[in-house]
Amino acid sequence: MFENNVTRRGFVTGAAAVAGLAGLSTIAPGLAGAAPTPADQHTPAEIEAAEAGALAMMTFQKIDGTPVYYWRSNRGNTTARNWQATDAFYNALVAWIRDLRSLSSSYGSISYIVSAGFYVNKAGQHGAGTAMDLDHVRWSGGNVTSPLDQHHASGTAALRKRYLATEAVCRRRFRYVLDGWYNADHRDHIHADFGGMPVRVLKDSEADTKFVQGTCNNFRGSGLAIDGIWGPATTSAFNGLKSALGVTGDPHTSTAVWQGMLSKIATKGFANQNI
Ligand SMILES: [Zn+2]
């Protein structure tokens, strides 16, 4: 998903929100023509609503009680913000943050997260209210992970592991996840959306392959090129990762197997342990 750096960082309140919702009618033909598959988490009701120009958007300032701040214009700002997403996407965000709390519980509670946007008045998943850009997570014990500060490329191994742990949790709930290795547009946030569901790891996905390559390198010193091409070296490294984590079954076809493997990666990452 290519993103526009100007419009992506906008967020929507008040009259702009109304205008944005009205503008959604312009994407209805695209959604209607997309022939959504049973694997797509957009519900039939959502598709019908989109066709009618009235997507079921909700406004939120917190995800399951955790505040979501906006730092793109004022770093460190803790003013409550009105964000928008579809009901279904918000529900997925709730599942995601509950996973994150559980897998990172040794860090304390999650004090807040920081986003660059959810619904944004543009084409694609952000325009449909089914995407998140994650900038930063802060835990009560003082730890942070900061895609905004390019922690995927940090000189500190623990921060790289924590970034990958956080991305792994995103991947438990969203298959289409773009990270700092994916391209320059995503070096300062993790993008997650409803595309390509259900969750699994695909060898022909550049984004999935780069995540696997980054994980093998940072947890096992695999020394792979992070090029997004799933070749023999990546296969070998991935099989080693699976074996070391005690994963059986096929994460390329089974959502449950891949979600379980992601939880194990996240646990190791938050504990700053090699695999
Ligand atoms: Zn995005």
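Only the coordinates and a few stated rules stand behind these numbers; no lab work does. Computed from a predicted structure; not experimentally measured. Ideal geometry is used to build each Cβ from the backbone, glycine not excepted, and the neighbour counts take in all protein chains shown.
Taking amide H positions as modeled 1.01 Å from N, with prolines and chain starts lacking one, the residues under 5 Å from Met58 and 5 or more places away or on another chain are Ala85, Thr86, Asp87. Under 5 Å between amide hydrogens, built in the peptide plane, is the criterion, and for Arg81 it picks out Val68 among residues at least 5 positions away or on other chains.
With only the Cα atoms considered, region 71-165 has a convex hull volume of 114 Å³ per residue.
Taking 12 Å as the cut-off, the amide N atoms of region 218-255 that come nearer than this to a point 7 Å along the Cα-to-beta-carbon line of Ala271 belong to 245. The value obtained for region 153-211, namely the Cα convex hull volume divided by the number of residues, is 76 Å³ per residue. Converting phi to 3J(HN,Hα) with the Karplus coefficients 6.51, -1.76 and 1.60 and the offset θ = phi - 60°, region 231-247 yields x, x, 5, 5, 4, 5, 5, 5, 5, x, 4, 4, 4, 5, 8, x, 8 Hz in sequence order, with x at every glycine or proline. Taking only the Cα atoms of region 135-275, the radius of gyration and Dmax are 13.7, 42 Å. Annotation note: trypsin sites (Lys or Arg not before Pro) in region 131-182 located in DSSP loop regions with a Cβ neighbour count of at most 10 within 10 Å are absent. Taking label points 7 Å from Cα along the Cα-to-Cβ direction, Asn82 and His252 give a separation of 4.8 nm.
Full extension of the chain between Leu202 and Asp185 yields a length gain of 3.9 nm, computed as 0.36 nm times the residue separation minus the alpha carbon distance.
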